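In what follows, a structure is listed as structure tokens, so that the remarks can point back to it.
Read the figures in this text as sums done on the coordinates, not as results from a lab. Note that the structure is predicted; figures quoted are calculated from it, not measured. In this analysis, Cβ positions are derived from the backbone assuming ideal geometry, glycine residues included, and neighbour counts consider all displayed protein chains.
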Amino acid sequence: MNINEMKVLVCDDSILSRKKLKDSIVALGCNEVFEAADGEEAISKYKETNPDVVFMDIVMPKKDGIEAVTEILKYDASAKVVMASSVGTQSFLKDAIKAGAYDFLQKPLDPAQVERIINNICTQGGK
Amino acid sequence: MFTQFFGNYLLNEKLVTPEQLIDGLQAKNNTRMKLGVLAINAGYMSSSQVEMVHMKQSMMDKRFGDIAVELGFVTSEQIDELLSQQPQGYLLLGQAFVDKGYMTNAQFEDAIKNYKSKYSITDDEMNEAQDSNPSHLIDSLIDLSATSSPDMYREYIILLMNNLIRFTGDDFTPLQPESSIAPNDSYITTQDITGKFSISTSLIADEDTLIQFASKYACEEITEMNEYVSAAACDFLNIHNGLFTVNISNSQQIELRLTPPDTVKGVTQAQNDVIVIPIQYPFGVIKFVISK
């Protein structure tokens, strides 16, 4: 698929983190980047927009990122959710794998890693 | 990190005033190193020899290095070596003080010698800056022996200093720690670390200082208090605490968790028996508070 056809959902409770990540994704050529500010909103936005890839923070109010991934995959087993979190500890990595996450990025995010993930999913034809 | 602690040392020894320190921190990154200070720092020349070269320079149109070699103070190889070195932050700070007339070359010579010997810092360590182990610097700043786990607190504070440098730049100096916070109308950003090492961490700053801090962290010019400013304070604390939990998970197999960070205006409750590390930036002071 073409990169400009890809839909991306960015979930983070920090408006600054969302903006930074969104800016770097838009710079890669993606036109449709949606945002969610907590785990609950992430689930509803996922259902609403059906994105090819989700970038998901872990430490968030209301519902954390691990719970959100679990619910998203229950709803759509083919969902590709990348954890993007400051807490890349052993136990969170395990939790993320168990929940079915596609990849795990440690914050501060390296734009090159974001690009690698977007390009890989794009090459595979999206979700 | 030696740059930051060198500023703290100069302040404590009353070699510079707080106003001069702020001025020096501001000027540091636009300061050009001069051979005199480099030669004093390397131990190749004394401050008196540097003054002698300056006097000669005022009488003849010759470069500092040429005169110093002619007088037999240094070899031309030593001059080349000094010129090829990357200037270190603490040297730039010292040069800024000398340029502004806050310190003489002789005072700089004494200060750098005493600072290195007081904290048993070798020249190699001074040059490695962030990579070396600054435990003794932290211990000279704060007595952690009364805390539940001095090693954990020490690791936390070392990482804090390194993350401040990494994410906001190196133009700051830690001031003398305090042990309480009185209620005030500053902004406070808080995040708790939970698990086997449970602490509450916060960052307190007045509005103008927080805006400047946020601008540095976000690498964007922010001019007024808005949601990006609070988000930047939350992000810094969250990334710093996150990296701490990752380090502890990897090195000690201890799994810690974080609560979502939050910024509010106004410190409503006094906090006693806490570790307060004030960080002096050119634009103001940010206080980091860690519960014991």
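The table for this structure:
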{"read-out": "Estimated inter-spin distance, B:ASN247 and B:ASN272, nm [label 7 Å along Cα→Cβ]", "value": "3.1"}
{"read-out": "Flagged links, alpha-carbon separation over 21 Å, of A:LYS20/A:LYS107; A:LYS22/A:LYS47; B:LYS14/B:LYS113; A:LYS22/A:LYS98; B:LYS28/B:LYS56", "value": "A:LYS22/A:LYS98; B:LYS28/B:LYS56"}
{"read-out": "Nearest-0.05 FRET efficiency for A:ASN2 and B:GLN86, computed from C-beta distance (R0 45 Å)", "value": "0.50"}
{"read-out": "Between 0 and 90°, nearest 10: helix A:39-49 axis offset from chain A longest Cα axis", "value": "30"}
{"read-out": "Most fluctuating residue given options B:MET45, B:MET161, B:MET59, as computed from a GNM of chain B linking Cα atoms under 10 Å", "value": "B:MET59"}
{"read-out": "Nearest-ten-degree value, helix A:111-123 long axis tilted from longest Cα axis of chain A", "value": "70"}
{"read-out": "Sparse-neighbour loop sites [trypsin sites (Lys or Arg not before Pro); segment B:38-87; at most 13 other C-beta within 10 Å; DSSP]", "value": "B:LYS62, B:ARG63"}
{"read-out": "Part-to-part distance (alpha-carbon centres) for segment B:1-65 and segment A:69-109, which is given in Å", "value": "51"}
{"read-out": "Local net charge near B:ASP23, Cβ-Cβ under 13 Å (Lys/Arg +1, Asp/Glu -1)", "value": "-1"}
{"read-out": "With Cα atoms, 0 to 90° folded angle of helix A:15-27 axis to chain A main axis", "value": "30"}
{"read-out": "Gain upon complete extension [B:SER148, B:GLU255; 0.36 nm per residue less C-alpha separation]", "value": "36.8 nm"}
{"read-out": "Within a Gaussian network of chain A (alpha carbon springs, distance under 10 Å), most fluctuating of A:LEU16, A:LEU109, A:LEU28", "value": "A:LEU16"}
{"read-out": "Cα gyration tensor shape of segment A:3-123, rounded if a/c is under 1.5, else prolate or oblate by comparing a/b with b/c", "value": "rounded"}
{"read-out": "Among beta bridges that DSSP assigns inside the protein assembly as shown, antiparallel share in %, nearest 5", "value": "65"}
{"read-out": "Kyte-Doolittle at least -1.0, axis length at least 20 Å by Cα - qualifying DSSP helices, chain B", "value": "B:150-168, B:227-252"}
{"read-out": "Zone residues, segment B:64-87, relative to B:ARG32, backbone N less than 20 Å from point 7 Å out along Cα-to-Cβ", "value": "B:64-69, B:79-87"}
{"read-out": "A:ASP76 paired with B:ALA106, simple spin-label distance in nm, labels 7 Å along Cα-to-beta-carbon", "value": "7.6"}
